[in-house]
Amino acid sequence: MNTEDTRVLLEEIDGYIEGLFGPSDEVLEAALRDSRRGGLPEINVSPNQGRLMRLLVEIAGARRILEIGTLGGYSAIHLARGLPDDGTMISLEIDEHHADVARNNLERAGLSKTVEVRVGDAHELLSDLVENDEGPFDLIFIDADKEGYPDYLDASMRLVRPGSLILGDNTIRGGTVLDPAEETARATREFNRRVAEDPRLSGIVLPLIRERIDGITIARVL
Ligand code: SAH
Ligand code: DHB
Ligand code: MG
């Protein structure tokens, strides 16, 4: 099969699964619509990935979630929906406008009391979280600038307990991680290697399909 046929097939498979499980959800659709209207880049997780992450929240019995990279709050809505009523989530975002759009989307989703969006550079906000002893989190989703992933993993290790999950988005990136000449994927490669080699973690890099192949790294703290 040629590349174009493969791309179409991937999209059709993803769409098939989405159609099975996803009677369109007004709150999620509205979040995407307002993100688009606000000029935000369309780099949110897919509906299927959102469902996977919600399932992980539920399986882990997570009560406290940390997200690094909010954008318009689309993934935050999926994650927070897996929490129990008294569960809480903090999401870190560097861009004030993204954070504004996200807060509106979370409000519409009835999650403004559950999810706190903190604005600033995640490197600094994570240091504050460690310093102020705001951990442990039961699940951490890393999805901000890809160069930051190795540092975000270090910080995350200081904000978890045994049994916590650490997720990393975009860890296959259309296969660019395979190419040592791809400088942009260097940090992602390092992130995946460190998850694989860290004796404190048990994990997997799980390929995911959309219109291209990407992946999510899932690690459990031993
Ligand atoms: N999790 C979102 C997508 C996040 S896109 C979803 O799936 O719906 C990545 C986000 O990380 C962008 O909004 C970007 O502004 C933010 N970001 C980039 N660098 C950052 C940094 N250093 N600190 C905090 N946020 C950052
Ligand atoms: C990009 C970032 C993401 O977090 C994502 O899920 C997809 C694409 C990007 O920066 O291109
Ligand atoms: Mg992402």
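The values are calculated or read from the model by the stated rules, or taken from the named source; none is laboratory data. Everything numeric here is computed off the predicted structure, so don't read it as measured data. Methodologically, a virtual Cβ is constructed for each residue, glycine included, from the backbone with ideal geometry; neighbour enumeration extends over all protein chains shown. Heavy atoms of the whole protein, side chains included, go into the accessibility calculation; ligands, DNA and RNA do not. Shrake-Rupley method; radii C 1.70, N 1.55, O 1.52, S 1.80 Å.
Summary of computed values
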item: Filter result (part of a loop (DSSP other than H, G, I, E, B), within 16 Å of ligand 2 (Cβ to nearest atom) and either out of contact with any helix residue (DSSP H, G or I) (no Cβ under 6 Å at 6 or more places or on another chain) or in contact (Cβ under 8 Å) with a residue 24 or more places away in the chain (or both)) within region 172-190; result: Ile172
item: Some residue of region 160-171 being within 15 Å of ligand 2 (Cβ to nearest atom), in a helix (DSSP H, G or I) and closer than 14 Å to Thr217 by Cα; result: no
item: Residue that is nearest to Lys146 (Cα to Cα) [pool: residues in region 209-222 that are open to solvent by 40 Å² or more (accessible area, probe 1.4 Å) and part of a strand (DSSP E or B)]; result: Ile213
item: Any hit, region 101-108, residues being within 19 Å of Ser46 (Cα to Cα), within 16 Å of ligand 3 (Cβ to nearest atom) and open to solvent by 10 Å² or more (accessible area, probe 1.4 Å); result: no
item: Total residues in region 12-27, condition away from ligand 3 (no atom under 16 Å from the Cβ), open to solvent by less than 90 Å² (accessible area, probe 1.4 Å) and either assigned to a helix (DSSP H, G or I) or among the hydroxyl-bearing types (Ser, Thr, Tyr) (or both); result: 6
item: Condition broken by Glu134, with the remaining ones in (1) over 16 Å from Ile218 (Cα atoms); (2) at pLDDT 95 or above; (3) assigned to a helix (DSSP H, G or I) satisfied; result: (3)
item: Single residue of region 137-159 satisfying the filter (within 13 Å of ligand 2 (Cβ to nearest atom) and part of a helix (DSSP H, G or I)) that is surrounded by the most Cβ atoms within 10 Å (Cβ to Cβ); result: Tyr149
item: Matching residues, region 40-65, being assigned to a loop (DSSP other than H, G, I, E, B), open to solvent by 30 Å² or more (accessible area, probe 1.4 Å) and away from ligand 2 (no atom under 15 Å from the Cβ); result: Gly61, Arg63
item: Which listed residue is more than 16 Å from Thr114 (Cβ to Cβ), in contact (Cβ under 8 Å) with a residue 24 or more places away in the chain and crowded, with 23+ Cβ neighbours inside 10 Å, from Ile77, Ile68; result: Ile68
